[in-house]
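Novice: Take this structure first; my questions come after.
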Amino acid sequence: MYSPPAQHAPYPQQPAQRWWQRPAVIITALVLLPPLGIALAWMTGWTQGKKIVATVLSGLWFLIVLFSGGDDKAADDAKAGAPAAATASPGSSAAAPGKAASPSAAPALPNVVSMPFDQAEKALKGAGVAKVAALSVYTDVPLASYHPNWGVCFQSPEAGAAPADATLHLVAPGRTCPAATGTRLHAEVTQSPAPTQKDADGTSGTGGGGSTYYKNCDAAKAAGAAPIRKGQPGYRSALDKDGDGIACDK
């Protein structure tokens, strides 16, 4: 009796793989981006043993790349710093890394007050001053033509200023400096006119002679002033007996 062949059940169809499930994609990710490749490997249908092997190998590869990259960077930094270190010789003025080289201080005038003029002049010219002028600090005391030992009371410009033509106010040896320039050493004396005297006839005793006064003709002759004409110092009507305008003429 004929019996038809037994029919087998159809094989189940495998679901279509997505692009990230393809072995080529997973292996590439395991090499280039190990963390991503490991994650993709565990999302596939690989056996447990394959997943473990892929994870271990990719992890080792990731650690090798990570640490070798750090060593290369340190080597590059060392190479970059080597030329700079070679150019800086011991004792050179090159600034240390991270520190800016400080600019050289600008020259300034020294303080020469209380110095003798010759020393002060040398100090100022050594600081770059081209011309040093000297003046007497007292207005009524002339500056000696030779004054190297005169002391400096004031300087202009003052100490600390930029070098420029300087003026020094000096005082003679043995004298003290005043509180300011433009000061007189001696007080100015003003003469007041002698009090006029009245003759018996009421005329002025000085007779236009200012402060000169002769008590009599003998005093005028003793002073060598006689005869005294009217308008000259010491003339007064009391000494002009004859009224001719000439006193003590006899």
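Novice: Amide H to amide H, which residues 5 or more places from GLY151 or on other chains are under 5 Å from it, using H placed in the peptide plane?
Specialist: It is VAL171, by chain and number.
Novice: Hey, another quick one. Taking only protein heavy atoms into account and a 1.4 Å probe, give the accessible area per residue of region 113-176 in Å². Walk me through the intermediate numbers first.
Specialist: On the way: 3460 Å² over 64 residues.
I get 54 Å² per residue for this part.
The values are calculated or read from the model by the stated rules, or taken from the named source; none is laboratory data. This is a predicted model, so every value here is computed, not measured. To get the accessible areas, we keep the full protein, side chains included, count just its heavy atoms, and leave off ligands, DNA and RNA. Shrake-Rupley method; radii C 1.70, N 1.55, O 1.52, S 1.80 Å.
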